[in-house]
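Step one of this worksheet: look at the structure below.
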Amino acid sequence: MTDDLFAARPVADPPAPDPAAPDPAAPDSMVRGQALTRAAVQALAAQPGPRHLVECDGDEVDLSDLDLWGWTFERCSFRRANFKAARLEGVKWQGCRGAFADFSAADLTDALFTACDFNNGLFRRAILNAAVFTGCKLTGADLSEARMLHARYEETLLINARLPSQSFLKQVLRKVDFGQADVRKSDFRHAVFEDCSLRDAHMVGCRFEGADLRGADLGGLRLVDAALFRGATISREQAGQLLGELGLNVR
């Protein structure tokens, strides 16, 4: 009898977790997999502390003028979303997609964009001071009149983007593609280009004094643009390429 009490008994497997139940390990600030509406986001913003949204669908949502300071958006979709004049200081955008999203006049100071695709996004008159773009796609984006003091770009596509009259003074630009971009009257003095492209970019009025262009693709240079590089450093190979672009034979 006593032996029966202590005999080994099979242990039942624990019940499978309910996928609809909240994750007890997730912090209270996290929201996952929700379809976002303006009312829902306003309700979250009314709670203390920044929110962390993961894999949420914000396509075409209107979040204009909202204060989302310090929030994190991870793998969220914001196609054609409206962030006009929103307060987005220090927001972390991680792996988000938002073609044609509108950030016009939004405050994105200190924002961090990592592996995001905001192609054709509107950033007109946005504040992007000290913002950082890493591994992003901003093809066709409009950054006209944006304030970008100390903004940084690395491994980012700015093909066909519009960012005239911007300052890249003394910046180290790594794997940034300005191909066909409108960078007219921008300041690249003392900038260092590493594996970048300026191919067919619109560069009228740009300044390159002291810039190191040896790591830049300068293809498509026109005769009118050649004088822009006065005072910049280029390689012998680039010099031959530029002369070829200008119709001169190098022997």
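The values are calculated or read from the model by the stated rules, or taken from the named source; none is laboratory data. Since the structure is predicted, the reported quantities are computational estimates derived from the model, not experimental observations. Note that we place each Cβ from the backbone using ideal geometry, even for glycine, and neighbour counts take in every protein chain shown.
Okay, here's what the table says:
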{"quantity": "Selection count, the stretch 63-77, where residues are under 15 Å from G33 (Cβ atoms) and either part of a loop (DSSP other than H, G, I, E, B) or among the charged types (D, E, K, R) (or both)", "calculated": "3"}
{"quantity": "Given (1) crowded, with 20+ Cβ neighbours inside 10 Å; (2) closer than 26 Å to C96 by Cα, number of the condition L149 does not satisfy", "calculated": "(1)"}
{"quantity": "Within the stretch 98-111, tally of residues that are under 18 Å from V54 (Cα atoms) and surrounded by fewer than 18 Cβ atoms within 10 Å (Cβ to Cβ)", "calculated": "0"}
{"quantity": "Residue among R184, R189, R236 that alone is over 21 Å from D110 (Cα atoms), in contact with a Pro (Cβ under 7 Å, 6 or more places away or on another chain) and surrounded by fewer than 20 Cβ atoms within 10 Å (Cβ to Cβ)", "calculated": "R184"}
{"quantity": "Failed item, numbered, when W93 is tested on (1) in contact with a Cys (Cβ under 7 Å, 6 or more places away or on another chain); (2) under 17 Å from D177 (Cα atoms)", "calculated": "(2)"}
{"quantity": "Search result, residues across the stretch 41-58 that are over 19 Å from the mean Cα position of the chain (by Cα) and surrounded by 15 or more Cβ atoms within 10 Å (Cβ to Cβ)", "calculated": "V41, L44, A45, P50, R51"}
{"quantity": "Total residues in the stretch 211-234, condition at pLDDT below 90 and either within 25 Å of V172 (Cα to Cα) or among the basic types (K, R) (or both)", "calculated": "12"}
{"quantity": "Candidates S144, S197, S167 - the one that is over 25 Å from L88 (Cβ atoms), of a type in the set (G, A, S), surrounded by fewer than 24 Cβ atoms within 10 Å (Cβ to Cβ) and out of contact with any helix residue (DSSP H, G or I) (no Cβ under 8 Å at 6 or more places or on another chain)", "calculated": "S197"}
{"quantity": "Selection status of V61, surrounded by 18 or more Cβ atoms within 10 Å (Cβ to Cβ) and in contact with a helix residue (DSSP H, G or I) (Cβ under 9 Å, 6 or more places away or on another chain)", "calculated": "yes"}
{"quantity": "Residue match in the stretch 165-173 (condition: out of contact with any Phe, Trp or Tyr (no Cβ under 7 Å at 6 or more places or on another chain), closer than 17 Å to T109 by Cα and not aromatic (F, W, Y))", "calculated": "yes"}
{"quantity": "Condition check for W93: in contact with a helix residue (DSSP H, G or I) (Cβ under 9 Å, 6 or more places away or on another chain) and either aromatic (F, W, Y) or on the phi > 0 side of the Ramachandran plot (or both)", "calculated": "no"}
{"quantity": "Residues of the stretch 109-149 that turn out to be of a type outside the set (F, W, Y) and over 19 Å from R75 (Cβ atoms), as a count", "calculated": "23"}
